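Just below is one structure, and these are the notes that go with it.
FYI, it's all coordinate maths here, none of it is from the lab. Source: prediction; values computed, not measured. When we count neighbours, we look across all protein chains shown, and the Cβ atoms used for this are built from the backbone with ideal geometry, even at glycine.
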Amino acid sequence: MTEAFNQDTATIQQIPTVAFVIPHMGRPELLQQTIASILAQSAFMQVEQIVVVTKNTAPLQLASHEKLNIVYAGTAKTISEQRNIGVRQTHSEYVAFLDADIQLAQDWLAVCLQMIQSNSDISLVSAKQSAAPQAGPIERLRTALSNTSLDQAVAFLPGRNLLLKRSLHDSIGGFPEHLQTCEDYFYTEKVSKHGQLFYTSKTDYVHLGEDKTLNQTFSKEIWRSEYNLRSVSGRTVPLREWPSILLPFWFCIAILALPLSLYWPALLAPAILMFIAPVAAYSLRLYQQPAHAVSLVYISVFYSIYFVARTIGTVAGLRFLFLR
């Protein structure tokens, strides 16, 4: 009897525990759906805590749960700081980072845990994005764009859904609190030095707050790009990342050359070619991805707006380069 009890106790102790950390700033109705998808996990018995770190000053109207802990951090300056505050409230073996507008598939935790536990080469797992059933063309495009490198190790990942060991998070110093955006790329690139970042198609999530219009893409890409250059500081930038860093300056030259061509007509053709070439290359690559069901013309319009926005954001972000 004692031996059987000891075996059962050892089995219980071996079950990994997971804490979900969710930074929140607005749209509590999407946060509620995010939490509901965690509560619906098939492996929910392994969820030890759900920590929401919010910058809201008013109490969040969320359904109570014994595992839900809401931390009010109105003075937190960045999403990174919110995430790090959340981790400090936990003591689980694993930590799962979610954005506050993510609807997980029911098997997300079970699949991701199994992958990270069964392969010692993997340090972090993230799932593919799926479009909502009623998704419009922009959401389908952004979903296809997120899924260009499935079922393989990647160089970096967005922070929408990440699972890794708590000890690894601590060892790399957590998220970079000096960055307003691009913090997830900075963070996951550091994690990649300790093992693979694996992007799996075996489970998925829906980004409830995904861009729905070209106007949203334009405004959000400006904001997302403002810390692009500052995120380069303090890390080794792989070759594959340089096009994303340099293309905004390429487009800046092309955009500036267009009005100058009124005075020097010889600039017109090179300026148009400089603008069209990257848009065409990226559009053709995305068009070859399955499941977007959007015309090549629409994709080209999307990338034209996308690159102009990233150019504006990157140039505007030059002012952040010398901040501490």
**Message:** From Cα pairs below 8 angstrom and at least 6 apart in sequence, can you work out the relative contact order of the stretch 230-320, rounded to a whole percent?
**Reply:** 33 percent
**Request:** Answer with one residue from 214, 197, 229: the one whose Cα lies farthest towards the positive end of the charge dipole of the stretch 149-246, charges on Cβ with Lys, Arg +1 and Asp, Glu -1.
**Result:** 197
**Asked** What dipole magnitude, in Debye to the nearest 20, does the chain give about its Cα centre under +1 on Lys/Arg Cβ and -1 on Asp/Glu Cβ?
**Response** 940 debye
**Asked** Using r as the Cβ-Cβ distance of residue 276 and residue 65, and R0 as 35 Å, what FRET efficiency do you calculate, to the nearest 0.05?
**Response** 0.10
**Request:** Past 21 Å, Cα to Cα, is the threshold; run 190/212; 165/190; 55/212; 165/193 against it and keep the listed order.
**Result:** 190/212; 55/212
**Complete:** Exposure-ranked with fewest Cβ neighbours within 10 Å first, 171, 123 stand as 171, 123
**Prompt:** Taking a point 7 angstrom from the Cα of residue 201 along the C-beta vector, which residues in the stretch 275-311 have backbone N less than 20 Å away?
**Reply:** 284-294
**Prompt:** Using 7 Å Cα-to-Cβ label points, what is the residue 194/residue 106 separation (nm, one decimal)?
**Reply:** 3.3 nm
**Item:** Full-stretch length increase - residue 168, residue 218 - with 0.36 nm per residue and alpha-carbon distance subtracted
**Value:** 14.5 nm
**Asked** For the residue pair residue 247 and residue 293, what label-to-label distance in nm results when each label sits 7 Å from Cα along the Cα-to-beta-carbon direction?
**Response** 2.6 nm
**C-alpha center-to-center spacing [the stretch 24-62, the stretch 252-290] in angstrom** = 44 Å
**Prompt:** Once Lys and Arg get +1 and Asp and Glu get -1 on their Cβ, which of 244, 56, 176 lies farthest toward the positive end of the dipole of the chain?
**Reply:** 244
**Asked** For the chain, which DSSP H helices look membrane-span-like by this rule: Cα extent along the axis of 20 Å or more and mean Kyte-Doolittle of at least 0.5?
**Response** 242-260, 268-287, 296-316
**Item:** Of (1) 103, 38, 38; (2) 74, 48, 33; (3) 91, 42, 38, the label for Cα extents along the principal axes in Å derived from the coordinates
**Value:** (3)
**Asked** Any idea how far apart residue 42 and residue 121 come out in nm if each label point goes 7 Å out from Cα toward Cβ?
**Response** 2.6 nm
